[in-house]
Amino acid sequence: MGEGSARGPSEPVGRASAIRPFLLTAGRVAGGGTGPPLPVETQVVATTSGLAVLRSLAFEHHDIVAACRHPQSVAELAARLRLHLNVVRVLAEDLCAAGHLAVHVPDARATQDISVLRRVIDGLRAVPDSRGTLRDSG
């Protein structure tokens, strides 16, 4: 079996969106929550209630919750889904406010692990720019 065959039917495919970023967020630059904006290094994870309503979520909301079965940073999530970083941040804030995502706080040892920082940097490099091209990985 190929590498992609391990995905479940509701697993995101990492497609690039043809829709302009401001349309995905209705022109908003911040989520619907009352708290401060999520930093791009914030790790988010799907909640039990988020996974329970996964089939009823539409488009990018569905893809974000489905991709967050395991904790990952907002930057990694944007790279994986090939969506604009700020779009993912705004939608993740909305999903947190709705109770579908939760902020994951790793243990202190993991926050000092250099591999975590490397993954965040690699994720940021993999985020396409506004023209849909990937940033230089060097």
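The values are calculated or read from the model by the stated rules, or taken from the named source; none is laboratory data. Bear in mind the structure is a predicted one, so any value in this text is a computation, not a measurement. Methodologically, a virtual Cβ is constructed for each residue, glycine included, from the backbone with ideal geometry; neighbour enumeration extends over all protein chains shown. The protein model used for the area step is the full one, side chains on, heavy atoms only, and it has no ligands, DNA or RNA in it. Shrake-Rupley method; radii C 1.70, N 1.55, O 1.52, S 1.80 Å.
General remarks:
- Using Cβ point charges alone (K and R +1, D and E -1), the dipole size of the range 32-93 about the Cα centre works out to roughly 140 debye.
- Cα gyration tensor, the range 36-78 - rounded (a/c under 1.5), prolate or oblate: prolate
- Note on HIS104: accessible area approximately 60 square angstrom, rounded to 10, probe 1.4 Å, nucleic acids and ligands left out.
- Element breakdown for the range 32-73 at a 1.4 angstrom probe: carbon and sulfur atoms account for 62% of the accessible area.
- Peptides 84-95, 38-49, 67-78 ordered by packing proxy, namely the average of other Cβ atoms within 10 Å per residue, highest first: 84-95, 67-78, 38-49.
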